[in-house]
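These notes are about the structure you will find just below.
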Amino acid sequence: MLDAELYLNLIRGGTANLFRNRQTINDLNVFPIPDGDTGDNMYLTLESGTHAHGTSLTEMADEVAQGMLLGARGNSGVILSRIFAGIAKGFKGLEKADLPALLKAMQMAVDEAYLAVSQPVEGTILTVLREGAAGAQGATLLEDFLCRWIASMKVALEHTPEQLDALRKAGVVDSGGAGLLCMAEGMAAALNGTEETAGLAEQSTEIDIDAFTEDSILEFGYCTEFLLRLQRSKVDLDTFDEQVIKDWLSAHGTSLVFFRDGSIVKVHVHTQDPGTVLSKCREWGEFLTVKVENMSLQHHENHMDTRFKRSRKALATVAVAAGDGLTQLFKQMGVDIVIESSQNPSVERFLQAFEQAAADTILVFPNNCNILLAANQAAGLFKDARVEVIPTRTPGEGYFALANLDAEQPIDTLVQTLTESASSVTTGYVSQAIRDTEEVRKGQYIGIGGKEILATGSTPEQVAEALAAQLNAGQADILLLLQGADVPSDAAEQLQAKLEATYPRTEVILHKGGQAVYDYILVLC
Amino acid sequence: MLKIYTDTDTDLTPSLAKEYGYTLISMPYSIDAQTTYPYVDFETFDAHAFYDRLRGGVIPSTSAISKEQYIKYFTQDFAEGNDILYVHLSRAMTTTFDAMDRAVAELKEKYPGTRFEEIDTKGITILSYAIVREVGDLVKTGKTLDEVLAWARTEVDKFAMYFFADDLRFFRRSGRVSGLAATMGTLIGIRPLIYMSQEGKMVSPGSAKGRAKALDYLVDKVGELGEDIASHRICIGHSDVPELAHELGRRIEEKYGKQEIVYVDVNPTAGSHCGPNGVGVCFHAVHR
């Protein structure tokens, strides 16, 4: 019999196994570039279900599902959260579950997961889930169930490349399906007592100390936050212009968030050297609080202080941006809340943003196809406003959709206009291959458009040029070139000049996107 | 004797003002609490330096001049009993004329015999510039005040101005342009299109994607609305993008034949509201 405690232990076992294998799952990427995050998303989602309490199976399953609903990240995470929502439905009213009840709950999980996706595709996590549930039918003991379940999922997973051409070309199996299998194996190990499950719930999702080891190099610097009280003995409070502090901090750090409220200055800044920042700020005042975190460990998300909440407005916009330059771009456009996120934001992070936006209607621009489901799930959960997700799949789509935002239009028309303008945008990505595939060698640069590799070459600029040609840059009015974090400016400027010369009627605009992984993002409109 | 006045918001430079006999009323702008009166505080307008500061993030503000300042400008002509004609920027765009109305009322009381008339160009920068120069031409050829006013009654609405801007922050700061998205800040590559309405207000009929489309729009508007363009100046104004302004001029001539085209630097006070990198055209039209 499956009771509340065992159910939670199984989930913890699954979480522990996903945690260990998350990078392997991340690397099961259709494109041979390091932007896969399915492992991280599924681990973080599952982990958000492990904090549940409950004496009956019904209560426990509900709490697990609720935790995952809020913690869901990425499309695979959202599907995973729906699987557990389905299981919770199946366990409704039960103190404990016998095998028939478990099998029934598994079927409900399959149904619920299919509902999460508007156009289900075979060869994905859904196939693996369905085949696994079907294969487990007939089991009489929990051990037997897990065994059959795992075996059928393995078979289903192996067949995914035959069902999806993109997987076959890349020589990988479906990452979501692999995550699901990995979770099931962790559950089996927990049942056998070979999986460490204790203490996992205590481990914070936000901090992963293994991310910075004895041999790590400080890459992202420190997230430094403090409240500084300006001191009369140090500055003239009546005439003091906080711009001085702001300017100094801007020159010595990034991602600056800065507020002054009377004599209190609130600062959030990313810096390589928090010591210097703190010493310098003592020239103006003394600290009330200080918090410094190594950003390699940190999953920093929400920096907005709720004390600075704005008054409620009719319409607000929320956009997701990865990279300083993109964040800046959306802020300059007047987006109300920009979710700065190197990782996919969770459903809960979206809910916080909706809360901060404080508006009757909120338009959400996810700007990444892997975030759409989480945004939709959050929109469905938020009750204080009408939330409309504009399905922008790339930052470029978000940008041009926002450019068409006319706040005076009725919301229905507006949503339609914005969705249409997003779909008129073409986005291309340039990145470096990290493994060999049928089409490319490791180390080569590749140009991706839609779901295909359209260009390959030995430099990012060469590939960007070829990609621009493939994407018909000559027919576009604007080519927005987003320069990646690691691309030198002179190379980017030369590329811009070349593209301008090749496509004289197209306005080629270079913007420092500051994004990781992609040397260039080409946005054509 | 007829005395003519205009203001620096019309882009008229002191040398042209002198040529026509205009007295130039200086309309101020402020940056960091420092107020500058064009052609009072400087002799020549360094457009490049000014717009470069705006590109660097400065957003200037503009302010209305006071009743006392108007009194100072007009007293001598009121006292001498001259006819006064003030050709000015759009009343709908500023509150400065409230102060002027009070000044004129006071002066009229003091000098009841003096005639004070105004022509509201219902525009700013090149639109006002075109009208100010046409009025100047008429006065030069000896037209009377009544003849000039009669001309203005039918002609002012026949000068159309269309332009595009680069950065909406400036408009957001300076108030509403109807049709423009209120939430929008900087837009890279998307250019809001704006024209001056019959009411003397800025209206945006939409935006254009990319420089080429934005220029197409202006060139097409000249063809669509233009009337007798060959016998009027075509004024092209820009906020520090001379190459773009000349490209526009070239394309207008390519399409509609050789024209008398005047290139104008948008004055800093108007430029405070439209920002750098804007280009516009004013031409004689069927309607605005």
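A count restricted to the range A:514-523 and to residues that are crowded, with 23+ Cβ neighbours inside 10 Å and either more than 10 Å from every other protein chain (Cβ to nearest Cβ) or among the acidic types (Asp, Glu) (or both) stands at 6.
Considering only the range B:102-114, state which residues are under 28 Å from the mean Cα position of the chain (by Cα) and more than 12 Å from B:Ile71 (Cβ to Cβ). Passing the criteria: only B:Thr114.
When we screen B:Ala79, B:Ala99, B:Ala92, B:Ala103 for residues that are surrounded by 21 or more Cβ atoms within 10 Å (Cβ to Cβ) and in contact (Cβ under 8 Å) with a residue 12 or more places away in the chain, the only hit is B:Ala103. The condition (being hydroxyl-bearing (Ser, Thr, Tyr), in contact with a helix residue (DSSP H, G or I) (Cβ under 6 Å, 6 or more places away or on another chain) and more than 14 Å from chain A (Cβ to nearest Cβ)) is satisfied by just one residue among B:Ser239, B:Ser231: B:Ser239. If you go through the range A:351-367 and keep only what is part of a loop (DSSP other than H, G, I, E, B), out of contact with any helix residue (DSSP H, G or I) (no Cβ under 6 Å at 6 or more places or on another chain) and closer than 13 Å to A:Val338 by Cα, you end up with nothing. Filtering the range A:332-350 to residues that are surrounded by fewer than 20 Cβ atoms within 10 Å (Cβ to Cβ), within 14 Å of chain B (Cβ to nearest Cβ) and assigned to a loop (DSSP other than H, G, I, E, B) leaves only A:Gly334. B:Glu147 falls short on exactly one of the conditions (1) surrounded by fewer than 16 Cβ atoms within 10 Å (Cβ to Cβ); (2) acidic (Asp, Glu); (3) touching a residue at least 24 places away in the same chain (Cβ under 8 Å), and that condition is (3). When the residues of the range A:401-418 are filtered to those that are over 17 Å from A:Val523 (Cβ atoms) and polar (S, T, N, Q), the one that is farthest from the other protein chains (Cβ to nearest Cβ) is A:Gln416.
Go through A:Ala401, A:Ala407, A:Ala464 for me and flag whichever is surrounded by 23 or more Cβ atoms within 10 Å (Cβ to Cβ), over 20 Å from the mean Cα position of the chain (by Cα) and within 20 Å of B:Ser207 (Cα to Cα). Matching residue, one of A:Ala401, A:Ala407, A:Ala464: A:Ala401.
Rundown of residues vs (1) closer than 18 Å to B:Thr6 by Cβ; (2) among the small types (Gly, Ala, Ser), yes/no style:
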{"site": "B:Asp77", "(1), (2)": "yes, no"}
{"site": "B:Asp83", "(1), (2)": "yes, no"}
{"site": "B:Gly113", "(1), (2)": "no, yes"}
{"site": "B:Ser128", "(1), (2)": "yes, yes"}
{"site": "B:Thr144", "(1), (2)": "no, no"}
{"site": "B:Trp151", "(1), (2)": "yes, no"}
{"site": "B:Val156", "(1), (2)": "yes, no"}
{"site": "B:Ala160", "(1), (2)": "no, yes"}
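Within the range A:488-513, which residues are away from chain B (no Cβ under 14 Å), farther than 15 Å from A:Val430 by Cβ and either crowded, with 17+ Cβ neighbours inside 10 Å or in contact (Cβ under 8 Å) with a residue 24 or more places away in the chain (or both)? Of everything in the range A:488-513, just one residue is away from chain B (no Cβ under 14 Å), farther than 15 Å from A:Val430 by Cβ and either crowded, with 17+ Cβ neighbours inside 10 Å or in contact (Cβ under 8 Å) with a residue 24 or more places away in the chain (or both), namely A:Thr502.
Within the range B:188-233, how many residues are closer than 30 Å to A:Gly513 by Cβ, of a type in the set (Lys, Arg) and not in a strand (DSSP E or B)?
The total comes to 2.
When A:Gln444, A:Gln483, A:Gln462, A:Gln470 are checked against the criterion of being away from chain B (no Cβ under 14 Å), closer than 28 Å to A:Asn29 by Cα and either touching a residue at least 40 places away in the same chain (Cβ under 8 Å) or not polar (S, T, N, Q) (or both), A:Gln470 stands alone in meeting it. Among the conditions (1) surrounded by 20 or more Cβ atoms within 10 Å (Cβ to Cβ); (2) closer than 27 Å to A:Val30 by Cβ; (3) hydrophobic (A, V, I, L, M, F, W, C), A:Val117 misses just one, which is (1). When you scan the range A:423-440, do you find a residue that is out of contact with any Gly (no Cβ under 9 Å at 6 or more places or on another chain), within 14 Å of another protein chain (Cβ to nearest Cβ) and either within 20 Å of A:Gly484 (Cβ to Cβ) or modelled with pLDDT under 90 (or both), even just one? The answer is yes, given that some residue of the range A:423-440 is out of contact with any Gly (no Cβ under 9 Å at 6 or more places or on another chain), within 14 Å of another protein chain (Cβ to nearest Cβ) and either within 20 Å of A:Gly484 (Cβ to Cβ) or modelled with pLDDT under 90 (or both).
The set of residues in the range A:389-413 that are modelled with pLDDT of 90 or more and farther than 17 Å from A:His511 by Cα comprises A:Val389, A:Ile390, A:Pro391, A:Thr392, A:Arg393, A:Ile411, A:Asp412, A:Thr413. Residue pairs whose Cβ atoms lie under 7 Å apart, separated by 6 or more positions or on different chains, with the first residue in the range A:364-386 and touching a residue at least 40 places away in the same chain (Cβ under 8 Å) and the second among the basic types (Lys, Arg), are A:Asn368/A:Arg393; A:Cys369/A:Arg393; A:Ala374/A:Arg73. Hey, does the range A:46-67 have a residue that's within 19 Å of A:Tyr114 (Cα to Cα) and surrounded by fewer than 22 Cβ atoms within 10 Å (Cβ to Cβ)? Yes; the residues of the range A:46-67 include at least one that is within 19 Å of A:Tyr114 (Cα to Cα) and surrounded by fewer than 22 Cβ atoms within 10 Å (Cβ to Cβ). Restricting the first residue to the range B:219-241 and requiring it to be closer than 11 Å to B:Ala285 by Cα and at pLDDT below 95, which pairs with a second residue that is of a type in the set (Gly, Ala, Ser) and in a strand (DSSP E or B) meet a Cβ separation below 6 Å and a spacing of at least six or different chains? That search, which allows pairs on different chains as well, returns B:Gly226/B:Ala285; B:Glu227/B:Ala285. The set of residues in the range A:470-487 being aliphatic (A, V, I, L, M) and within 20 Å of B:Lys209 (Cβ to Cβ) consists of A:Leu471, A:Ala473, A:Ala476, A:Ile478, A:Leu479, A:Leu480, A:Leu481, A:Leu482. Selection of the range A:173-208 for residues being farther than 21 Å from A:Asn344 by Cβ and modelled with pLDDT under 50 yields A:Ala198, A:Gly199, A:Leu200, A:Ala201, A:Glu202.
Taking strands (runs of 3 or more DSSP E) as the structural unit, those lying wholly within the range A:435-525 and holding at least 3 residues that are hydrophobic (A, V, I, L, M, F, W, C) and out of contact with any Asp or Glu (no Cβ under 8 Å at 6 or more places or on another chain) correspond to A:478-483, A:518-524. For A:Pro366, the conditions (1) crowded, with 24+ Cβ neighbours inside 10 Å; (2) more than 23 Å from A:Gly428 (Cα to Cα); (3) in contact with a strand residue (DSSP E or B) (Cβ under 6 Å, 6 or more places away or on another chain) all hold with the exception of (2).
Counting only helices (runs of 4 or more DSSP H) that sit completely within the range A:368-428, those holding 3 or more residues that are of a type outside the set (A, V, I, L, M, F, W, C) and within 21 Å of A:Thr327 (Cα to Cα) correspond to A:395-403. Once the range A:249-307 is narrowed to residues that are at pLDDT 80 or above, surrounded by 15 or more Cβ atoms within 10 Å (Cβ to Cβ) and small (Gly, Ala, Ser), the residue that is farthest from A:Phe220 (Cα to Cα) is A:Gly285.
The values are calculated or read from the model by the stated rules, or taken from the named source; none is laboratory data. None of these values were measured; they are calculated from a predicted model. Neighbour counts are summed over all protein chains in view; Cβ atoms, including those assigned to glycine, are modelled from backbone coordinates with ideal geometry.
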